[in-house]
Amino acid sequence: MKNSQLYKGSLTTIVMKLLEENGRMYGYEITQKVKEITKGELKITEGALYPALHKLEAEGVLEVEIENVDNRLRKYYKLTEKGTSETINRLAELEEFIRNMQSIVNPKLT
Amino acid sequence: MKLSQEQIERLYKFTRQHYVEYYDLQTELVDHLANAIEEQWQQNPKLSFEEALQIEFKKFGVFGFMDVVEQRQSVLNKKYNKLVLSELKTFFSVPKIIGTVAAIGIVFYFIKSITLGALVVQSLFFILVVLYFLGIAILMQRNKKRNKQNGKKWLLKEIMFGYSSSAGLINLPIQFALHLKGENYHDGLLLLFSFLLILLGLTEYIMLVLIPSKAEDFLKETYPEYKIAN
C-alpha cells in the first residue's frame, strides 16, 4: 500500500493486536511480521514504529524486557494487563471504523 | 551470518554519529539495524556490512533517527512531569498535608505581621528562583562528572538532572513578583501568596532533591537494561 496516511491512525492498534497474538516481540520482529501477514503490501516504517512503541510504553499499555541476544541487547515489548483490555476496545473501534468505511466506499443500494 | 562484536560497536558509533546521544535509544536502534543487516545478508551474502547499513539507514527517511529521538524525548518529558506531579500530590494528601497547611499558615502570619509585606513576598519569590537555578547548576555539574566516568547517557536521567523544560515554572513566579505593588493586601491575597510560595518551594524541593535522590529507582523501573549496562 503506497499511501501510508491511510493506516497511520491504526498503527498502535496493529501493534497491540500483534502483541496480543504473539506475546512479546521486538521492534524489527514487528515490522517483519506485518510485512509477512500482508504479503509485503503494508510496510511499517521504522521512523513511525519506535515512536509509537515508546508512546504506548509511557501510557502503561506496554512493558519492556531486555535480553542479551547475539552479542547485543534486545528490547522486547509486551502488553500489560491494562494493555490487554485496551486492545479489545481499540480493536472493536477499528472494526467499527472499517465497517463505516466500507459502507461509505461501497454503499449498498436498497 | 551474525554480526560480530566489532560490528555491533560500529553500529553504536553510527547511532552516535547520527545524533542519538542516549544509550537507551542507541541500544534499541542497534538491535534493529543488526537484525535488518543480518536479514539482508541472508538474501545477498555478498553485500558488505557498510553497504547493508546504508540501505537500512535510508529506510528511516531523510531525517534519520531524529523523529525517533524527538518523540522519545517528549514521551519521557511527560513521564517526568507526571512524576513531579504525583510527588507533589503526596504533600496535599494525608498525612503530609498537615505539614503543608502548617507551613502555609506560618508564612501567612509572617507576611501579615510585618510591614513592607509586598517587598518581603517579592524577595521570597526571588530567593526561590535563584535557589532553583543554583540547584540545577549543581545537579548538572554532578551529572556531567558521572557521565564522564561511564560514558553512557540515559535520556530520563538527563531530564531528571537538569535538562527538563521547566522555564515556565520559573517565569511564572518572576512575572507574579514583578507585578506586586503597594502595601495593604487583603488577607485572602496574602493567603494566596503564602500558598504559591509553599507550592513553588515544594516543587523545587521535589525537582532538586527528592527525585534526584530516588533517581536510581526510577531509572531501573524505566530501563530494564540499566542494571545490565552499568
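Every number here is computed from the coordinates shown, using simple stated rules; none is lab data. From a predicted model like this one, the values you see are computed outputs, not experimental measurements. All Cβ positions, glycine included, derive from the backbone under ideal geometry; neighbour counts span all protein chains shown.
Relative to the first principal axis of the alpha-carbon coordinates of chain B, what is the inclination of helix B:117-150, with its axis defined by its Cα atoms, in degrees from 0 to 90 and to the nearest 10?
Value to nearest ten degrees: 20.
Round to a whole angstrom and tell me the spacing of the C-alpha centers of segment B:81-140 and segment A:20-57.
Taking the Cα centre of each part, segment B:81-140 and segment A:20-57 sit 47 Å apart.
Measuring from label point to label point, each 7 Å out along Cα→Cβ, what is the A:N106 to B:Q149 span in nm?
Result for the modelled spin labels: 6.5 nm.
Give the order of B:F14, B:F133 when sorted by the count of other beta carbons within 10 angstrom, beginning with the fewest.
Lowest count first: B:F133, B:F14.
I need the calculated FRET efficiency for the pair A:R99 and B:Y19, taking r as the beta carbon distance and R₀ as 45 Å, to the nearest 0.05.
0.55
What is the dipole size for the protein assembly as shown, taken about its Cα centre, with +1 at each Lys and Arg Cβ and -1 at each Asp and Glu Cβ, in debye to the nearest 20?
It works out to roughly 500 debye.
How large is the helix-only mean residue ellipticity at 222 nm for chain A, computed as the sum of -39500 (n - 2.57) over DSSP H runs with n ≥ 4, divided by its residue count, in deg cm²/dmol to the nearest 500?
Details: 5 runs with 65 residues, N = 110.
Result for chain A: -18500 deg cm²/dmol, rounded to the nearest 500.
How large is the helix-only mean residue ellipticity at 222 nm for chain B, computed as the sum of -39500 (n - 2.57) over DSSP H runs with n ≥ 4, divided by its residue count, in deg cm²/dmol to the nearest 500?
-24000 deg cm²/dmol, from helical runs alone.
Cα centroids of segment A:67-102 and segment B:37-64: how far apart, whole angstrom?
27 Å
With a 10 Å Cβ neighbour count serving as the proxy for reagent exposure, in which order, fewest first, do B:L219, A:L6 appear?
Fewest-to-most Cβ neighbours within 10 Å comes out as A:L6, B:L219.
Kindly write out, for segment A:49-60 in residue order, the coupling ³J(HN,Hα) from the Karplus curve 6.51 cos²θ - 1.76 cosθ + 1.60 (θ = phi - 60°), rounded to whole Hz, with x marking Gly and Pro.
Karplus values, whole Hz, x for Gly and Pro: 5, 5, x, 5, 4, 5, 5, 4, 5, 5, 6, x.
Please find the FRET efficiency linking A:K82 to A:I37, where r is the Cβ-Cβ separation and R0 is fixed at 22 Å, and quote it to the nearest 0.05.
With a Förster radius of 22 Å, E is 0.30.
To make sure I understand, if each residue's beta carbon is the centre and we count other beta carbons within 10 Å, what order do B:T27, B:T90 fall in, fewest to most?
B:T90, B:T27
What FRET efficiency do you get for B:L189 and B:I138 if R0 is 35 Å and r is their Cβ-Cβ distance, rounded to the nearest 0.05?
The computed FRET efficiency comes out at 0.55.
Any idea what the dipole of chain A comes to, in debye rounded to 20, about its Cα centre with Lys/Arg Cβ at +1 and Asp/Glu Cβ at -1?
440 debye
To the nearest 20 Debye, how big is the dipole of segment B:5-64 about its Cα centre, given +1 on the beta carbon of each Lys and Arg and -1 on that of each Asp and Glu?
240 debye
Please name whichever of A:T38, A:L53, A:G23 sits farthest to the positive end of the charge dipole of chain A, dipole taken about the Cα centre and charges placed at Cβ: Lys and Arg +1, Asp and Glu -1.
A:T38
Find which of B:M207, B:P224, B:T100 sits farthest along the positive direction of the dipole of segment B:73-229, computed with +1 on the beta-carbon of Lys and Arg, -1 on that of Asp and Glu, about the Cα centre.
Going by the charge dipole, the pick is B:P224.
For A:V69, which sequence-distant residues (separation of 5 or more, or a different chain) have an amide H within less than 5 Å of its own amide H, given hydrogens modelled in the peptide plane?
The list, which skips near neighbours in sequence, is A:R74.
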